[in-house]
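Read the figures in this text as sums done on the coordinates, not as results from a lab. Being a predicted model, the structure only gives us computed values, none of them experimental. Positions of Cβ are backbone-derived with ideal geometry, glycine not excepted, and every protein chain shown enters the neighbour counts.
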């Protein structure tokens, strides 16, 4: 099953030549809406299918994953989602690709959420009405949170799942991706703020403090305080050191832990902008627009 979101590179026609069932999605495009549409068509073709594997167009499944994922779901009816190790195809191409690979290196075991590449139990997926189609980002954690609220579990298997081509070669691409993440944190926390579990509340407080409050106060008060307010910026090295130590405890090399910590700290700024963007749009009652970090292939 192939879902096409307005591509112009011949992907739709190529999929048809290989005999794939095709869904040509119309605007507005979101990954959540595309996945829902693809599964809806799949269920219409095969109503008895128990599991579904979601795979983005920039990914390639690894041998053995489908068997591993389906076996885990079949053995445990309480599992709704299983995922495995997602690896960046070209981690050496840029530090931003490398950061993606580090981000996806999570320990096997019970998890709060998966990424977009995961195998899911269709009955559980349908029970929570699938992905929220209007979310421009963060649709997988939102889905997994709703599943866990119903008593289902998410499991990360110790198995190779897929290769991913982030294709992030420029700083601006990384900045937009992280800004989108800040938007997702803000919207997710806002949608679930009255529910048990305090979904992403802690993350929002951290983003608001380090990504908005500290830089605004440090710079905005620099003149009336004769520069004393700039001392607030000393908190960033301390934050980086804590992140570095936590990363080393997870088994990362000193170089990887240092890279990860540096960009975690730097990422607070675009995350803060994404958070502010969400709330400004909400106050203006303006719909959220997709924040795309990948340039279309020509």
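Here the simple spin-label model places points 7 Å from the Cα toward Cβ, and for residue 48 and residue 285 these points are separated by 5.0 nm. With respect to the chain, whose longest principal axis is taken over its alpha-carbon atoms, helix 268-283 is tilted by about 70°.
Using alpha carbons only, how many degrees (0 to 90, rounded to 10) separate the axis of helix 139-149 from the longest principal axis of the chain? Approximately 80 degrees, to the nearest 10.
Classify the stretch 170-298: rounded, prolate or oblate, from the alpha-carbon gyration tensor (a ≥ b ≥ c, eigenvalue square roots; a/c under 1.5 rounded; otherwise prolate if a/b is larger than b/c)? Rounded, because the longest to shortest axis ratio a/c is under 1.5. Working from label points 7 Å from Cα in the Cα-to-Cβ sense, the residue 171 to residue 106 distance is 3.0 nm.
For the peptides 75-82, 227-234, the ranking by mean Cβ contacts within 10 Å, running from highest to lowest, is 75-82, 227-234. For the chain, the longest principal axis of the Cα atoms and the long axis of helix 235-249 meet at an angle of about 40 degrees. For the pair residue 70 and residue 231, label points projected 7 Å from Cα toward Cβ lie 6.4 nm apart. Across the chain, Cα pairs under 8 Å and at least six residues apart give a relative contact order of 19 percent. Can you bin the stretch 103-185 into rounded, prolate or oblate? Criterion: square roots of the alpha carbon gyration tensor eigenvalues sorted a ≥ b ≥ c, rounded for a/c under 1.5, prolate for a/b above b/c, oblate for the rest. Cα axes put the stretch 103-185 in the oblate bin. Rounded to the nearest 0.05, what FRET efficiency do residue 56 and residue 206 have when you use their Cβ-Cβ distance and R0 = 45 Å? After rounding to 0.05, the efficiency reads 0.95.
The distance separating the Cα centre of the stretch 119-193 from that of the stretch 36-99 comes to 13 Å. Specify which labelled value, from (1) -0.61, -0.88, -1.03; (2) -0.72, -0.94, -1.03; (3) -0.66, -0.92, -1.04, agrees with log10 I(q)/I(0) by the Debye sum over Cα atoms at q = 0.10, 0.12, 0.13 Å⁻¹ derived from the coordinates of the model shown. Answer by label: (1).
Would you mind classifying the stretch 61-143 by shape? Square roots of the alpha carbon gyration tensor eigenvalues, ordered a ≥ b ≥ c; an a/c under 1.5 is rounded, otherwise it is prolate if a/b is larger than b/c and oblate if not. Since a/c reaches 1.5 but b/c is at least a/b, the shape of the stretch 61-143 is classed as oblate.
The antiparallel fraction among DSSP beta bridges confined to the chain stands at about 50%.
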